[in-house]
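To start, the structure under review is shown below, and the notes come after it.
Derivation of every value follows stated rules applied to the coordinates shown; laboratory data play no part. What you are looking at is a predicted structure, and each value in this text was computed from that prediction instead of being measured. As a convention, Cβ positions derive from the backbone with ideal geometry for all residues, glycine included, and neighbour counts pool all protein chains shown.
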Amino acid sequence: MKQVTFDEMRVAPSKVVCIGRNYVEHIKELGNETPESMVVFNKPNSAITDTLRFFSEDTRFEGEICFLIQNKQITGIGFGLDLTKAGVQNKLKEKGLPWERAKAFDGSAVLGEFVPFSGDLRQLRMELWINGQRIQFADYELMIYKPLEMLREIESFMSFEDGDIVMSGTPKGVGNYSVGDEFTGRVYEGKRLLVESSWRVR
């Protein structure tokens with residue numbers, strides 16, 4: 001089982017639950033329709049990695065605030081990248097087919113370290129920097145569905161196991177990337193930096 005680091009321990013999530021289309025500007029950016037209800041999809045344990053690899057010219061990054069779940073509650077915060085094979089996804093969407101081939105492939109859930117969190121979810125914000133430029137920014141207020149709403153909706157049809165991860169959606173600014181690019185993701189509570197993760201694309 002693939003693992004992530006949480007509070008200096010290794011944890012094996014049974015799954016990564018992802019929230020799609022959770023920021024209005026990102027929906028507009030990709031020309032998608034605003035969903036009537038929460039978009040939820042899964043990445044399997046095999047998708048988890050701490051290495052950011054180059055897959056194809058049309059694979060795009062999506063920076064996200066991530067939550068680690070224990071006892072059905074948010075106990076950890078981290079930064080992650082949801083990698084998407086955009087060309088494959090577009091073909092699947094045109095045919096009304098599931099997204100797994102575009103979203104759940106091995107290495108598509110790039111996750112940094114998780115740290116304990118018991119603070120104010122309303123103060124959360126994130127930044128993604130690539131090659132020294134800020135590319136993405138998001139905070140609690142910009143989320144269509146807030147973290148506790150996500151948990152309630154997911155638990156209405158699926159059980160959490162301890163160590164499972166929720167990726168909360170990406171804001172505008174997604175794009176493609178190249179070998180050698182330097183990524184740094186940060187999650188803050190207000191002005192306080194909670195966690196920082198960095199990758200160099202291989």
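Rounded to the nearest whole Hz, the Karplus-based 3J(HN,Hα) values (6.51 cos²θ - 1.76 cosθ + 1.60, θ = phi - 60°) of region 153-170 follow the sequence 5, 4, 6, 6, 9, 8, 8, 8, 9, 4, x, 4, 10, 10, 9, 8, x, 10, with x at glycine and proline. For region 41-103, the list of trypsin sites (Lys or Arg not before Pro) that fall in a loop by DSSP and count at most 16 other C-beta atoms within 10 angstrom reads R53, K72, K95.
Across the chain, Cα pairs under 8 Å and at least six residues apart give a relative contact order of 31 percent. Close amide H contacts of I77 (hydrogens built in the peptide plane, cut-off under 5 Å, sequence separation of 5 or more or a different chain): L68, V115, F117. Could you give the longest part of the chain that holds none of the GluC sites (Glu not before Pro) found in DSSP loops with at most 11 neighbouring Cβ atoms within 10 Å? For GluC sites (Glu not before Pro) (loop position, at most 11 other Cβ atoms within 10 Å), the longest site-free span of the chain is 58-202. Mean residue ellipticity at 222 nm, helices only, the chain: -3500 deg cm²/dmol; runs of at least 4 DSSP H residues each add -39,500 (n - 2.57), and the sum is divided by the number of residues. If I model a spin label as a point 7 Å beyond the Cα along the Cα-Cβ vector, how far apart are those points for S46 and L97 in nm? Once both label points are built, they end up 1.8 nm from each other.
With a Förster radius of 25 Å, plug the Cβ-Cβ distance of M1 and E25 into 1/(1 + (r/R0)^6) and report the FRET value to the nearest 0.05. Provide the component values of the computation, followed by the final result.
Working: r = 36 Å, r/R0 = 1.43.
For R0 = 25 Å, the calculated efficiency reads 0.10.
The stretch between S178 and S156, if pulled fully straight at 0.36 nm per residue, gains 4.0 nm over its current Cα-Cα span. The fewest-to-most ranking of M9, M158 by surrounding Cβ atoms within 10 Å reads M9, M158. When the Gaussian network model of the chain links Cα atoms closer than 10 Å, the mean-square fluctuations of V174, V110, V16 top out at V174. Taking other C-beta atoms within 10 angstrom as a stand-in for reagent exposure, K191, K15 fall in the order K191, K15, fewest first.
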